[in-house]
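Participant: What follows is a single structure, and I will ask about it in a moment.
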Amino acid sequence: MNLLEIRNEIDTLDRQLAGLFARRMELAALVAEEKFKSGQAIENLERENEVLKNVVQEAEAGLEPYIKGLYRAIFILSKAFQAGIINPSDDLRDKLHRALDQGDFFALDQLLKDNKY
């Protein structure tokens, strides 16, 4: 496989990942609504650890830390998305979007903690 063919395959995978991520976020929205109705917090470390355990078991050797990093990022994005659904205040949403636009996951995570998400 040459470089162009490899990149074309990566592009195909990226489109699939984007679709899967969009579906995951749709489900995260439903989770947020259920959590809001039942008074549960957005953050659920037990569930996050369960998901990490499951996905790491499926990872190829050597990829485990990268899979963990990917899913930790997904968890932060999901919590930010859910926070925007539960508390759609313009101020919080703008701050979350600014952190997302800058790719600042530390700031995003800190915003969630500061706002008790």
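The values are calculated or read from the model by the stated rules, or taken from the named source; none is laboratory data. What you are looking at is a predicted structure, and each value in this text was computed from that prediction instead of being measured. Here the Cβ is made from the backbone with ideal geometry for all residues, glycine too, and neighbour counts use every protein chain on show. Remember, those area values only see protein heavy atoms, side chains included, never the ligands or the DNA or RNA. Shrake-Rupley method; radii C 1.70, N 1.55, O 1.52, S 1.80 Å.
Participant: State all residues of the range 106-116 that are under 18 Å from ASN44 (Cα atoms) and not aliphatic (A, V, I, L, M); if no residue qualifies, say none. Please lay out each step first, then the result.
Facilitator: Initial filter on the range 106-116 (under 18 Å from ASN44 (Cα atoms)): 108-116.
Selection gives ASP109, GLN110, LYS113, ASP114, ASN115, LYS116.
Participant: While we're here: Can you tell me which residue in the range 85-117 is most open to solvent (accessible area, probe 1.4 Å), limited to those that are assigned to a loop (DSSP other than H, G, I, E, B) and closer than 22 Å to LEU27 by Cβ?
Facilitator: We begin by selecting, within the range 85-117, every residue assigned to a loop (DSSP other than H, G, I, E, B); these are 87-89, 102-104, 115-117.
Still in the running and closer than 22 Å to LEU27 by Cβ: 87-88, 117.
Details: ASN87: 58, PRO88: 76, TYR117: 39 Å².
Looking at the filtered set, the residue picked out is PRO88.
Every residue, every condition in (1) closer than 15 Å to LEU111 by Cβ; (2) of a type outside the set (Gly, Ala, Ser); (3) in contact with a Pro (Cβ under 7 Å, 6 or more places away or on another chain), yes or no:
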position: GLU5; (1), (2), (3): no, yes, no
position: ARG24; (1), (2), (3): no, yes, no
position: ALA32; (1), (2), (3): no, no, no
position: GLU43; (1), (2), (3): yes, yes, no
position: ASN54; (1), (2), (3): no, yes, no
position: GLU58; (1), (2), (3): no, yes, no
position: ILE67; (1), (2), (3): no, yes, no
position: LEU70; (1), (2), (3): no, yes, no
position: ILE76; (1), (2), (3): yes, yes, no
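Participant: Same structure, new question: List pairs: first in the range 69-87 and farther than 17 Å from GLN40 by Cβ, second surrounded by 15 or more Cβ atoms within 10 Å (Cβ to Cβ) and among the acidic types (Asp, Glu), Cβ under 7 Å, 6+ apart or cross-chain?
Facilitator: Taking only residues 6 or more apart or on different chains, the pairs are ILE76/ASP109.
Participant: Here's a follow-up. Could you check, for the range 94-113, whether at least one of its residues is touching an Asp or Glu at 6+ places or on another chain (Cβ under 8 Å), charged (D, E, K, R) and under 24 Å from GLU50 (Cβ atoms)?
Facilitator: Within the range 94-113, not a single residue is touching an Asp or Glu at 6+ places or on another chain (Cβ under 8 Å), charged (D, E, K, R) and under 24 Å from GLU50 (Cβ atoms).
So that you can scan it fast, the table gives a plain yes or no per residue for (1) outside any helix (DSSP H, G or I); (2) open to solvent by 80 Å² or more (accessible area, probe 1.4 Å); (3) closer than 22 Å to ASP114 by Cβ:
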| position | (1), (2), (3) |
| --- | --- |
| ILE6 | no, no, no |
| LEU13 | no, yes, no |
| GLN16 | no, yes, no |
| MET25 | no, no, no |
| GLU34 | no, yes, no |
| ILE42 | yes, no, yes |
| PRO65 | no, yes, no |
| ALA83 | no, no, yes |
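Participant: Is it true that some residue in the range 86-100 is at pLDDT 90 or above, more than 17 Å from the chain's Cα centre (by Cα) and among the small types (Gly, Ala, Ser)?
Facilitator: No, the range 86-100 contains no residue that is at pLDDT 90 or above, more than 17 Å from the chain's Cα centre (by Cα) and among the small types (Gly, Ala, Ser).
Participant: In the range 46-61, is there at least one residue being more than 17 Å from the chain's Cα centre (by Cα), open to solvent by 80 Å² or more (accessible area, probe 1.4 Å) and aliphatic (A, V, I, L, M)?
Facilitator: From the range 46-61, those more than 17 Å from the chain's Cα centre (by Cα) are 57-61; that's our starting set.
Retained after the next criterion (residues that are open to solvent by 80 Å² or more (accessible area, probe 1.4 Å)): 57-58, 60-61.
Narrowing further to those that are aliphatic (A, V, I, L, M): 61.
Checking the range 46-61: at least one residue is more than 17 Å from the chain's Cα centre (by Cα), open to solvent by 80 Å² or more (accessible area, probe 1.4 Å) and aliphatic (A, V, I, L, M).
Participant: Examine the range 94-105 for a residue that is in contact (Cβ under 8 Å) with a residue 24 or more places away in the chain and of a type in the set (Phe, Trp, Tyr), and state whether such a residue exists.
Facilitator: Residues of the range 94-105 in contact (Cβ under 8 Å) with a residue 24 or more places away in the chain: 105.
Retained after the next criterion (residues that are of a type in the set (Phe, Trp, Tyr)): 105.
Yes, some residue in the range 94-105 is in contact (Cβ under 8 Å) with a residue 24 or more places away in the chain and of a type in the set (Phe, Trp, Tyr).
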